[in-house]
Amino acid sequence: MKKNMNRRDDKPSTVKQLTAAMIALGKYTGENSDAERTAEAKRLGGMEAYRLLLANALLGIVETDAMFADSADVSAEQMQAAHWQALKAAGAEEDPGKLLHFLRWRTLRVEGPLREIAQNTEAGPLPLAAAHAAEGLQLLLGICAAGQNLEVASPAEMTTNLKGAREALTNAAANIDVMLNLLAQAEDLFSL
């Protein structure tokens, strides 16, 4: 990978660029014409909504490729270097505050689907435990990120977030205990 491609600027990609990337990956069947982009933006509520949808679609495509690539037979060092490449491409590897914000953003994206799964009572207590753990982690990462810039960090906000993180992690542990109790009851039934 060329050095100038390792780092991304903070300028978001355009709808045209995002669709071109999807076309290059063979994952877009549209025309990528001005008329098509305008119609899709109108249908979705604006160009920013369309860009948001495309960026997330492309992210899903690339994450799936990364997931498959992660299953390759490589050394731990090669795997770690590959994972850091994503952080380099995002421009988050050199600044601890930016890295922590980026990791928090990733965690926020995990929490939502877990909460959706947990709405189904048949899913049991573990998805809810995972959602609470993700919430606690994202709060902790936010506090860590805020701590990188103590001149503007708010002790009151950090305290509130620490209490929220502790509550979320306590709720995660309580849901794990529910599952452990259910498993203990099942073991008792099977041992009869």
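The values are calculated or read from the model by the stated rules, or taken from the named source; none is laboratory data. Remember, predicted model here, so these are calculated numbers, not experimental data. Virtual Cβ from ideal backbone geometry, glycine too; neighbours counted across all protein chains shown. Surface areas here come from the heavy atoms of the whole protein model, side chains and all, with no ligands, DNA or RNA. Shrake-Rupley method; radii C 1.70, N 1.55, O 1.52, S 1.80 Å.
Please specify each residue of the range 102-152 satisfying the condition of being closer than 30 Å to L182 by Cα and among the β-branched types (V, I, T).
Selection gives T107, V110, I117, T121.
Which one of R51, R104 is open to solvent by less than 80 Å² (accessible area, probe 1.4 Å), basic (K, R), without any contact (Cβ under 8 Å) to a residue 40 or more places away in the chain and under 28 Å from A145 (Cβ atoms)? If you could, list the steps in order and put the result at the bottom.
Details: R104 fails: without any contact (Cβ under 8 Å) to a residue 40 or more places away in the chain.
Only one candidate qualifies: R51.
Applying the selection to the range 127-152, what residues are surrounded by fewer than 17 Cβ atoms within 10 Å (Cβ to Cβ) and either of a type in the set (D, E) or farther than 20 Å from P96 by Cα (or both)?
E151
Go through the range 3-82 and tell me which helices (runs of 4 or more DSSP H), entirely inside it, have 1 or more residues that are outside the structural domain of V110 (by the TED database) and aromatic (F, W, Y).
Values: elements: 15-24, 34-44, 47-70.
Result: 47-70.
Is there a residue being open to solvent by less than 70 Å² (accessible area, probe 1.4 Å), outside any helix (DSSP H, G or I) and not β-branched (V, I, T) anywhere in the range 116-125? I'd like the intermediate steps shown before the answer.
Looking only at the range 116-125, we keep the residues that are open to solvent by less than 70 Å² (accessible area, probe 1.4 Å), and these are 118, 123-125.
Still in the list and also outside any helix (DSSP H, G or I): 124.
Keeping just the survivors that are not β-branched (V, I, T) gives 124.
Scanning the range 116-125 turns up at least one residue that is open to solvent by less than 70 Å² (accessible area, probe 1.4 Å), outside any helix (DSSP H, G or I) and not β-branched (V, I, T).
Residue-wise test of (1) open to solvent by 90 Å² or more (accessible area, probe 1.4 Å); (2) touching a helix residue (DSSP H, G or I) at 6+ places or on another chain (Cβ under 9 Å); (3) free of Cβ contacts under 8 Å to residues at least 60 places away in the same chain; (4) on the phi > 0 side of the Ramachandran plot.
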{"residue": "T14", "(1), (2), (3), (4)": "no, yes, yes, no"}
{"residue": "Y28", "(1), (2), (3), (4)": "no, yes, yes, no"}
{"residue": "R43", "(1), (2), (3), (4)": "yes, yes, yes, no"}
{"residue": "G46", "(1), (2), (3), (4)": "no, no, yes, yes"}
{"residue": "A57", "(1), (2), (3), (4)": "no, yes, yes, no"}
{"residue": "I61", "(1), (2), (3), (4)": "no, yes, yes, no"}
{"residue": "M67", "(1), (2), (3), (4)": "yes, no, yes, no"}
